[in-house]
Structure formats: structure tokens, C-alpha cells
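For reference, the structure discussed in these notes is given below.
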Amino acid sequence: MPPSFAPVSHRSARLVVLVSGAGTTLQALLDACGRPAYGVRVVAVGADRPAVEGLARAQRTGVDTFVCELANHPTRADWDVSLADRIASYQPDLVVLAGFMKLTGPAVLSRFDGRVLNTHPALLPSFPGVHAPRDAVTHAVRVSGATLFVVDAGVDTGPIVAQVAVPVDVDDTAQTLHERIKTSERTMLVDTVGCMLRDGYRIDGRKVRVGG
Ligand code: GAR
């Protein structure tokens with residue numbers, strides 16, 4: 001993983017966001033990008049399936065969209081290369097997985113080494129995988145939260161950039177907990193991505209230092 005990424009200072013930083021569903025996390029980024037001081041532009045939104053609300057949110061904001069479906073490719077490796085090509089055509093400074101429910105492969109990761117971020121609805125390394133809020137409720141933890149991390153070849157294992165803690169109520173369901181997490185998660189994501197792009201960041205083993 002390359003160690004340091006300079007601030008993007010002479011122009012608006014370029015973000016490609018990947019989604020699979022409702023896109024409320026994407027919406028928070030789109031809203032932030034509407035403020036000139038944020039200094040960031042979502043240049044494209046991609047999805048692994050058509051007709052999801054996340055794509056519609058992008059289209060309503062006038063942002064380019066693309067769909068790259070696994071089922072339309074002979075192998076997962078072909079899909080990975082196609083996805084990498086689609087992302088690369090927008091020359092992003094960062095790629096944000098915002099509720100993208102597929103694992104990105106080696107083509108995407110090698111092309112954007114250290115520049116693919118994922119947001120996860122739990123305090124990693126607890127509760128990796130696609131059912132994090134359900135797993136937290138089942139385990140009856142009293143605190144959960146969200147984690148922003150740099151994607152590596154593992155499942156939710158990459159270097160952690162930021163985390164936010166959220167209380168868990170004894171009567172929470174997976175859905176009520178996830179909604180509470182998402183409220184804090186959106187703010188953390190928007191704030192941290194803005195800082196990473198405006199101030200630069202360095203990856204030093206598992207440690208990610210933003211700015212300075
Ligand atoms: C977010 O909570 C995100 O952390 C989670 O999906 C939600 C997206 O919500 N991602 C994962 O679980 C990835 N493993 P949204 O579609 O409303 O933005």
C-alpha cells in the first residue's frame with residue numbers, strides 16, 4: 001500500500017462512489033459536495049445492480065452513473081477488471097464504497113491502491129461482513145458504531161481511518177440499530193473524506209494519519 005497521498009489543493013477533489021442500495025450515505029456526500037468550502041466533487045456513482053435508489057439520487061443531482069453487474073461478466077475477475085476500467089475513466093482521487101455490498105477484487109485494488117475507502121456499520125474488528133447490525137444485536141453488545149477503513153484484500157480488514165461509537169439499546173432490532181448507526185456514520189464519513197482530500201493522508205502499516 002503506498003504510504004502517502006498529497007492534499008488535492010489546486011482543484012476540486014474527484015470522488016467516485018459505489019453503491020448497492022438506498023444511497024443515504026451517498027446523499028450525505030452529495031449534499032456536502034454542494035458546499036464550495038468542502039472542496040470535493042462526486043464525479044460518478046457506480047452500482048453493481050440497476051435501478052437502485054442510490055443511482056437515482058446521483059441522477060437527480062446531475063452526476064454521471066454506471067452499472068457494472070457481476071452477472072453480465074463471464075467470471076468475477078472479468079467483472080473486477082470492468083469495474084476498475086469504469087472507475088478509472090473518471091480519474092478519481094478517492095473511491096468510496098458507500099453501502100456497496102460486493103468485495104472489490106485485485107484489479108480495483110491494484111489500480112487504486114490505498115485510495116479505496118469503505119464504510120462499515122460496526123466497530124471493526126468486531127462484526128465484519130454483511131450483517132453487522134444484526135450480529136451486534138444478537139451478541140447484545142452495549143456499544144457499536146461505524147468504521148471508515150482503507151480497503152485491502154481481506155473482508156473488512158484494512159487500516160482504520162476513523163470510527164464513531166453509537167449506543168445499543170436492549171430493545172434494538174438490527175434495523176433500529178442500523179438506522180442509529182447510519183446517522184453518525186454519515187457525519188463521520190463526510191468529515192473524514194473531506195479532511196483526507198484537503199489535507200492529505202499517510203498509511204503507515206495499520207496506522208492512517210490524516211493531515212499534518
Ligand atoms: C451503511 O450503513 C454502510 O456502512 C453499509 O451499508 C449501509 C448503506 O446504507 N455497508 C455495509 O454493510 C458494507 N458491508 P445506504 O444505502 O442507506 O447508504
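The values are calculated or read from the model by the stated rules, or taken from the named source; none is laboratory data. Keep in mind the model is a prediction, meaning the values are calculated, not measured. Using ideal geometry, Cβ is built from the backbone for each residue, glycine included, and neighbour counts are taken over all protein chains shown.
At a glance:
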quantity	calculated
Failed condition for ARG142, given (1) without any contact (Cβ under 8 Å) to a residue 60 or more places away in the chain; (2) crowded, with 18+ Cβ neighbours inside 10 Å; (3) of a type in the set (D, E, K, R)	(2)
Some residue of region 31-53 being within 15 Å of the ligand (Cβ to nearest atom), on the phi > 0 side of the Ramachandran plot and not charged (D, E, K, R)	yes
Listing of helices (runs of 4 or more DSSP H) fully contained in region 1-92 that carry 1 or more residues being of a type in the set (A, V, I, L, M) and over 26 Å from VAL161 (Cα atoms)	53-60, 76-88
Contacts under 8 angstrom Cβ, first residue in region 145-174 being without any contact (Cβ under 8 Å) to a residue 12 or more places away in the chain, partner crowded, with 17+ Cβ neighbours inside 10 Å and not charged (D, E, K, R), 6 or more apart	ASP169/LEU177
Any chance GLY99 is surrounded by fewer than 18 Cβ atoms within 10 Å (Cβ to Cβ) and at pLDDT 95 or above	no
Scan of region 95-112 for residues that are away from the ligand (no atom under 15 Å from the Cβ), out of contact with any strand residue (DSSP E or B) (no Cβ under 7 Å at 6 or more places or on another chain) and either in a loop (DSSP other than H, G, I, E, B) or closer than 18 Å to VAL130 by Cβ (or both), ordered by number	GLY105
Failed item, numbered, when ARG186 is tested on (1) more than 18 Å from ALA13 (Cβ to Cβ); (2) in a helix (DSSP H, G or I); (3) in contact with a strand residue (DSSP E or B) (Cβ under 6 Å, 6 or more places away or on another chain); (4) not polar (S, T, N, Q)	(3)
Unmet requirement for ARG115, which otherwise passes all of (1) more than 15 Å from the ligand (Cβ to nearest atom); (2) within 23 Å of GLU53 (Cα to Cα); (3) of a type outside the set (Asp, Glu)	(2)
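Yes or no, residue by residue, for (1) without any contact (Cβ under 8 Å) to a residue 12 or more places away in the chain; (2) surrounded by fewer than 18 Cβ atoms within 10 Å (Cβ to Cβ):
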| site | (1), (2) |
| --- | --- |
| VAL17 | no, no |
| THR24 | no, no |
| ARG35 | yes, yes |
| LEU55 | no, no |
| ARG60 | yes, yes |
| ASP64 | no, yes |
| ALA71 | yes, yes |
| ASP78 | yes, yes |
